[in-house]
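Asks: Dropping a structure here in structure tokens format, bear with me for questions.
The values are calculated or read from the model by the stated rules, or taken from the named source; none is laboratory data. Everything quoted here is computed from the prediction, not taken from an experiment. Cβ placement follows ideal geometry from the backbone for every residue including glycine, while neighbour counts extend to all protein chains displayed.
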Amino acid sequence: MNEREINRFDDIFHQYDDDLDEDDDKNVDFDNLHTYTGKDNDANDEGEEILMGITSKEQEEEEEQQEEHLSQKLSQLSASGQDQTKGADPESTTKKRPSLTPTTAAASSSSSSSVVKKLKTNQDNPTIEWMSNYLSSTNGTFDEMLRPLLSKQFLKYIDIEDLRQFAIILHNMKCIELDQSLWNIYLKAGTGKLIQHEHIQWWSMEIKIRMVERGQTTTNPKEIDDESCFGYVQRVLVKYNQQTIFYQEQLKTIKARIQDSMTEEIENAIIAFVRQHGISLYRAHIDRRIAGVEYDYKDQLIQLQFYKERPNRHQKEIFENIFQLKRETEQAKLDVAILKQRIAFKHLPKSFDSLRIPTPIDLNTIHDVNLRQRLNEQCQKILQRTTSDMMLIYIAIAETKYNEWQTKFDKAMNDMKKNLARDFIPENLTQSISDGHELDLVPRRSISQNKSILFNNCSPTLIQDTYNYLSSKQIEFLNRGPTYVSPCQLHIQSESSSLSIDEILTKQLAPLRRQLTRVFTNYPVNLSRRMNFEQQIQQLFKESFHQPPIPLSIKQRTLAEKQFIQSIQYQLKRQRLILRRTADDQNTYYLGQLDEFEKKTKEYMEDPIYYTFIGMINKKYTEKDHLNDILALIDSQLQVLNNKKLINDDYLNQFSTSHRSNLKLPHLYFLPETNDDVHMCVQPRFSSYQHSPVQRLAQYLEPLIRSLFDNICRSTTVLNSQDFNTKFFHYWMQQSHTKQGIQFATFKIHDLYSNISHKELLEGLHTLLVNPLIIGRHDRLSNDAIVQLTSIVLRNNYFIYQDQIYRFARGCPLNLSLSQLLGSIYLHQWQTPLLRQIRLKDTFYVRFHDQGFLTWKESNDQLQIIFDELQQILPSEIQMTTFIGTHVHFLNCYLENIKGRLHTNVYRDTTQQPFVLPYFSSHPRLLHRKWYRFMLIRAAQFCYDFQDFQDERRYIEASFLANGYSLNFIEYLWRQLILRFHFSPLDLQNFDQDKFRAFRMEIHRCLKYQNLISQQEKEYNLIKNQKLIQLHYLFDWGARCEFNRKFQALWCSIINEDPLFKNYGLKMTLNSKHCYLSNTLLASPFINRSIQ
């Protein structure tokens, strides 16, 4: 099977067939991700609103009655030793039926114990004792899994102890089945049937040792004959068959007793639960033993073939040495994989149990619980960073050991092959040595799947800024971050709601159908073509997303997560908590007090320096009334320019808002920002400006002004980190004099776009337009006309916040790309004093938006005087921080001048939480896939030293593992990256300094000849020219890649072949959008959403 076709459902971000379109991925410039798309675009989509109303009102009321009861029960799933139930109400608003719970814990334990004793038949079967406490009432996990399902059986009595016995019997039957598979392998190896066409009989030493331990013989294990082994294995298999028959009868008995009350859904849930929490652990144990038997058997086979050649003593020593080296190599490889899996499963090595930080003795004596929680959070984050650093060191050591063993093995093999003729070692044996894949059984289940939150954990966690009563399970769910998508929620609803799956898919398709209607209204096509296309798309959509069936494990996970989300929604409301994604655009949640958050947002809004209050939205004066006033005002301002002959009638008609029907005001919301001591402040964000009244005018002005500005600023600006790296490296190599005295300096301007006045932005624009290098009219517009049109954009940035209309008093939203352009123009004029000094010296200087970098050979005091002068030019509300030294960081690149030698690496802020992925909406996994490639390419560009690159590669891998991606998927992405730059999979073995140097040069070569215009900039240029049709649909489960491919084919064969439509010269993109993003369901700033 092609690796892209593998469904890695153990990845928490994986959906069906997610990687089939990996080859179509375009390189994304994540340095400028929001430059063209708008920063923090969390706008609520009308398509999502359709889906939120799928469930009927009656169902909503029913679930609301059960919500509190459910939440309180889930809150009891906290980790051992944690007091999570202090705030629970003594009584529940919903009465609890006796049938939903066991009578007492003691009774449950006694009942479970009696079942185990009754079923235990002989000492040769250890599986009876294998049952973990995961099924006991003391553990509670089994009970909590069943409780939501049992709550649906209002008219039936179900004793949970019967279901527990059913699960125990099922557990033992599955364990015996696994045991039989192992002993059948023993039998095949002993009778020469393990490998086809090979008839070598070999009995595992494990069997012989077991025979002695069980009293079957007193003979030395090495002297036990084949016949005795054969007889013992046969007896064990007979006993397993007898036990299987016994358990089958027990299972029939208990199923007959509860058949009237146990539904298929409950039975499937129990089967999935036993498989996930119990059998998967035992299967890993058995798989490892089977792999060992197969590996030893092949070793024995090759060894026997070797000895048939009658080797001499020297040849024997060589051969035994090679086998030992190969075994050590594969064991070291296994150790690396297990360490990485430990990150994914949050199950670190036992040595980490003793890793502690000295917690202040008086911490628990603080009476203010919120302050205590805040300080405790700081302690936990320090421990988390330390743990993460130590795990990376562990992995680095393990990889080094593996590389050393691999090198020794390769050398021994090469030496042997060179001496084939002299030593008479058969060449066929050198080709048949096992590649060790039998021991490379490190699936996700190979690490203990203890899902409790461990004290030492290096995975990203949410920021808990207040004391709360969320359970450990709820916290664990939130630790997945706002980007996490709960799978298949729509498809699962078809089983519990009155709507069929076809009706749900029709609603899921609705946004795409509306978009197509708008497209064909604006760009007419032949009616028959359009009807044919829409009918085929509708049929294709149902075929693609109705199938395939949802795996049972995914279905069980979906139902559990639905309950978790409902319980978290309830607890947030009940405890008056605020849950928001953090303002740094990382996949991290912030959990704090709602009252404190609202207080800080109120203080921000009451400061008149930022926004001007316009009016209230109410029944008397609706949002539409306000919008009409704003549109009339904009049109009147345009009419004034027309009267002054600054714009002609064509421009007046083009920019007028009177004939546009889909306009609406964006919304303001706030995101929390925390500093090193977890102190929270709020940062404003805005929803999409796509339908803002000034958007069309801004889209016209931006490319016009940018084309003029780019000619002026090209020498002092960089496009991204890649551009910076290329230009600076070229400068450094051109330095013929001593480089030892060169220092680096950086500056960062804070809050420019929120504090700069409109007057200063317009003055900067006017200075640009009167530059002698720019003369004449531009697109038939004078300099004054461009300035006045820009002024209209700045003066009419209106938005809505809590049913109130506001306008920007200063600054501008980053959702408008024109805003960032105006800021850059202002800074270009502002940096003039610095440019004067640079022109007189051999100095390198570049700026990226509001941050800059330069080299300096003179005294630091002289440069600081220039920086002080620049600070005086800035408005008093805007601050600038600077740094001068031999080592700095700029655009995530660390640079250091070590006695004239340049050392660069990827910069990481050690004060930030480690292993955090970026926040993406729509389809996070697809962007994470592209982000992985971006980060590895950047690492190859920044890291001159191979070990620095290896450290960065390990960090990126650990980031994906810690966030729930599988090791299999990460290794797949790494292989795909190697192939993209024309390296073979063989190059991955012993990836050393020489191969890294060649890999790095190939990356630079490929990027050098690529167009510097990024994919998102190309799309934005098409949007500005109204040449791009952007379509999306709501995705939940199904053959996404197949639908996208067939949609594109139908578009090309039907729509693009329309003679009239061809003349428009349009491009079309189709994207999927998840509607059940965690951020949407739990932390939306716009609307209270819930899974119905």
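Asks: Restricting attention to region 655-677, which residues are buried (at least 19 other Cβ atoms within 10 Å of the Cβ) and among the aliphatic types (A, V, I, L, M)?
Replies: Leu665, Leu668, Leu671
Asks: Are any residues in region 1054-1064 under 16 Å from Leu516 (Cβ atoms) and surrounded by fewer than 17 Cβ atoms within 10 Å (Cβ to Cβ), and if so, which ones?
Replies: Asn1056, Tyr1064
Asks: If only one of Leu552, Leu559, Leu594 is surrounded by fewer than 17 Cβ atoms within 10 Å (Cβ to Cβ), closer than 30 Å to Ser500 by Cβ and within 29 Å of the chain's Cα centre (by Cα), which one is it?
Replies: Leu552
Asks: On to the next question. Has region 682-703 got any residue that is of a type in the set (A, V, I, L, M, F, W, C), surrounded by fewer than 21 Cβ atoms within 10 Å (Cβ to Cβ), in contact (Cβ under 8 Å) with a residue 12 or more places away in the chain and in contact with an Asp or Glu (Cβ under 8 Å, 6 or more places away or on another chain)?
Replies: No, that holds for no residue.
Asks: Related question: It is to be established whether one or more residues within region 361-375 are under 30 Å from Glu309 (Cα atoms) and of a type in the set (A, V, I, L, M, F, W, C).
Replies: no
Asks: Kindly provide the set of residues from region 801-821 that are buried (at least 19 other Cβ atoms within 10 Å of the Cβ) and assigned to a strand (DSSP E or B), ordered by number.
Replies: Once the filter is applied, which keeps residues that are buried (at least 19 other Cβ atoms within 10 Å of the Cβ) and assigned to a strand (DSSP E or B), region 801-821 yields Ile805, Tyr806, Phe808.
Asks: While we're on this one: Output the residues belonging to region 218-234 that are assigned to a helix (DSSP H, G or I) and either over 19 Å from Arg289 (Cβ atoms) or touching a residue at least 40 places away in the same chain (Cβ under 8 Å) (or both).
Replies: Looking only at region 218-234, we keep the residues that are assigned to a helix (DSSP H, G or I), and these are 221-223, 226-234.
The answer is Lys222, Glu223, Asp226, Glu227, Ser228, Phe230, Gly231, Val233, Gln234.
Asks: Could you check, for region 253-275, whether at least one of its residues is at pLDDT 80 or above, within 22 Å of Leu187 (Cβ to Cβ), of a type outside the set (S, T, N, Q) and in contact with a helix residue (DSSP H, G or I) (Cβ under 8 Å, 6 or more places away or on another chain)?
Replies: no
Asks: Would you be able to say whether some residue in region 550-569 is on the phi < 0 side of the Ramachandran plot, free of Cβ contacts under 8 Å to residues at least 12 places away in the same chain and either touching a Phe, Trp or Tyr at 6+ places or on another chain (Cβ under 8 Å) or basic (Lys, Arg) (or both)?
Replies: There is no residue in region 550-569 that is on the phi < 0 side of the Ramachandran plot, free of Cβ contacts under 8 Å to residues at least 12 places away in the same chain and either touching a Phe, Trp or Tyr at 6+ places or on another chain (Cβ under 8 Å) or basic (Lys, Arg) (or both).
Asks: Can Lys645 be described as of a type in the set (Lys, Arg), assigned to a loop (DSSP other than H, G, I, E, B) and either free of Cβ contacts under 8 Å to residues at least 60 places away in the same chain or out of contact with any helix residue (DSSP H, G or I) (no Cβ under 9 Å at 6 or more places or on another chain) (or both)?
Replies: Details: of a type in the set (Lys, Arg): yes; assigned to a loop (DSSP other than H, G, I, E, B): yes; either free of Cβ contacts under 8 Å to residues at least 60 places away in the same chain or out of contact with any helix residue (DSSP H, G or I) (no Cβ under 9 Å at 6 or more places or on another chain) (or both): yes.
Taking the combined requirement at face value, the residue satisfies it.
Asks: Quick check, is Glu952 under 23 Å from Lys346 (Cα atoms), in contact with a strand residue (DSSP E or B) (Cβ under 8 Å, 6 or more places away or on another chain) and either modelled with pLDDT of 85 or more or assigned to a loop (DSSP other than H, G, I, E, B) (or both)?
Replies: Values: under 23 Å from Lys346 (Cα atoms): yes; in contact with a strand residue (DSSP E or B) (Cβ under 8 Å, 6 or more places away or on another chain): yes; either modelled with pLDDT of 85 or more or assigned to a loop (DSSP other than H, G, I, E, B) (or both): yes.
When the stated conditions are applied, Glu952 passes them.
Asks: When you look at Leu854, is it in a strand (DSSP E or B) and in contact with a helix residue (DSSP H, G or I) (Cβ under 6 Å, 6 or more places away or on another chain), yes or no?
Replies: Details: in a strand (DSSP E or B): yes; in contact with a helix residue (DSSP H, G or I) (Cβ under 6 Å, 6 or more places away or on another chain): no.
So Leu854 does not fit the description; no.
Asks: Something else: Please find, among Gln243, Gln248, the residue that is among the polar types (S, T, N, Q) and surrounded by 14 or more Cβ atoms within 10 Å (Cβ to Cβ).
Replies: Working: Gln248 fails: surrounded by 14 or more Cβ atoms within 10 Å (Cβ to Cβ).
That would be Gln243, the only listed residue that is among the polar types (S, T, N, Q) and surrounded by 14 or more Cβ atoms within 10 Å (Cβ to Cβ).
Asks: May I pose another question? Going by the conditions given, is Val793 at pLDDT 95 or above and out of contact with any Phe, Trp or Tyr (no Cβ under 9 Å at 6 or more places or on another chain)?
Replies: Yes, satisfied.
Asks: Shifting gears a bit: Show the residue pairs that are 6+ apart or on different chains and have beta-carbon atoms under 8 Å apart, the first residue being within region 258-269 and acidic (Asp, Glu), the second being buried (at least 16 other Cβ atoms within 10 Å of the Cβ) and modelled with pLDDT under 85.
Replies: These pairs meet every condition: Glu265/Leu149.
Asks: Return only the number of the condition from (1) of a type outside the set (S, T, N, Q); (2) surrounded by 18 or more Cβ atoms within 10 Å (Cβ to Cβ); (3) under 25 Å from Ala958 (Cα atoms) that Arg374 does not satisfy.
Replies: Checking Arg374 against (1) of a type outside the set (S, T, N, Q); (2) surrounded by 18 or more Cβ atoms within 10 Å (Cβ to Cβ); (3) under 25 Å from Ala958 (Cα atoms), the one that fails is (3).
Asks: Can you find even one residue in region 1069-1078 that is modelled with pLDDT of 75 or more and in contact with a Pro (Cβ under 6 Å, 6 or more places away or on another chain)?
Replies: yes
Asks: Applying the selection to region 201-217, what residues are surrounded by 14 or more Cβ atoms within 10 Å (Cβ to Cβ) and assigned to a helix (DSSP H, G or I)?
Replies: Correct list: Glu206, Ile207, Lys208, Arg210, Met211, Val212.
Asks: Given the conditions (1) modelled with pLDDT of 80 or more; (2) not in a helix (DSSP H, G or I), and given that Asp287 satisfies all but one, which numbered condition is not satisfied?
Replies: Only one criterion in (1) modelled with pLDDT of 80 or more; (2) not in a helix (DSSP H, G or I) is unmet by Asp287, namely (2).
Asks: What residue, among those in region 508-556 that are β-branched (Val, Ile, Thr) and not in a helix (DSSP H, G or I), is modelled with the highest pLDDT?
Replies: Filtering first and then ranking leaves Val525.
Asks: Output the number of residues of region 480-510 satisfying the condition of being in contact (Cβ under 8 Å) with a residue 60 or more places away in the chain and either among the aliphatic types (A, V, I, L, M) or in contact with a Leu (Cβ under 6 Å, 6 or more places away or on another chain) (or both).
Replies: Residues in region 480-510 being in contact (Cβ under 8 Å) with a residue 60 or more places away in the chain and either among the aliphatic types (A, V, I, L, M) or in contact with a Leu (Cβ under 6 Å, 6 or more places away or on another chain) (or both): 8 in total.
Asks: Something else: Quick check: is even one residue across region 295-312 under 19 Å from Asn419 (Cα atoms) and of a type in the set (Asp, Glu)?
Replies: Looking for residues that are under 19 Å from Asn419 (Cα atoms) and of a type in the set (Asp, Glu), one finds at least one in region 295-312, hence yes.
Residues are listed down the side, and each one gets a yes or a no for (1) over 27 Å from Thr657 (Cβ atoms); (2) in a loop (DSSP other than H, G, I, E, B); (3) aliphatic (A, V, I, L, M):
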position	(1), (2), (3)
Glu596	yes, no, no
Lys600	yes, no, no
Pro608	yes, yes, no
Ile614	no, no, yes
Asn618	no, yes, no
Asp625	no, no, no
Ile634	no, no, yes
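Asks: Let me confirm something: among Phe323, Phe319, which residue is surrounded by 19 or more Cβ atoms within 10 Å (Cβ to Cβ) and either at pLDDT below 85 or within 28 Å of Gly964 (Cβ to Cβ) (or both)? Working first, answer last.
Replies: Values: Phe323 fails: surrounded by 19 or more Cβ atoms within 10 Å (Cβ to Cβ).
Answer to the check: Phe319.
Asks: With (1) of a type in the set (A, V, I, L, M); (2) more than 28 Å from the chain's Cα centre (by Cα); (3) not in a loop (DSSP other than H, G, I, E, B) as the list, and Leu665 as the residue in question, which single condition is left unmet?
Replies: Here Leu665 meets the rest and fails (3).
Asks: Which of (1) modelled with pLDDT under 80; (2) assigned to a helix (DSSP H, G or I) is the odd one out, the single condition Lys401 does not satisfy?
Replies: In the conditions (1) modelled with pLDDT under 80; (2) assigned to a helix (DSSP H, G or I), Lys401 misses (1) alone.
Asks: For a quick check of your reading: which strands (runs of 3 or more DSSP E) sit entirely within region 859-924 and have at least 2 residues that are among the β-branched types (Val, Ile, Thr)? Give the derivation first.
Replies: On the way: elements: 879-885, 887-890, 893-898, 901-906.
Where strands (runs of 3 or more DSSP E) fall fully within region 859-924 and carry at least 2 residues being among the β-branched types (Val, Ile, Thr), they are 879-885, 901-906.
Asks: Which residue is farthest from His679 (Cα to Cα), if the candidates are limited to region 557-583 and must be charged (D, E, K, R) and at pLDDT below 90?
Replies: Among them, the one singled out is Arg557.
Asks: Does Ala745 count as at pLDDT 95 or above and either aliphatic (A, V, I, L, M) or in contact with an Asp or Glu (Cβ under 6 Å, 6 or more places away or on another chain) (or both)? Explain how you work it out, then say what you get.
Replies: On the way: at pLDDT 95 or above: yes; either aliphatic (A, V, I, L, M) or in contact with an Asp or Glu (Cβ under 6 Å, 6 or more places away or on another chain) (or both): yes.
Yes.
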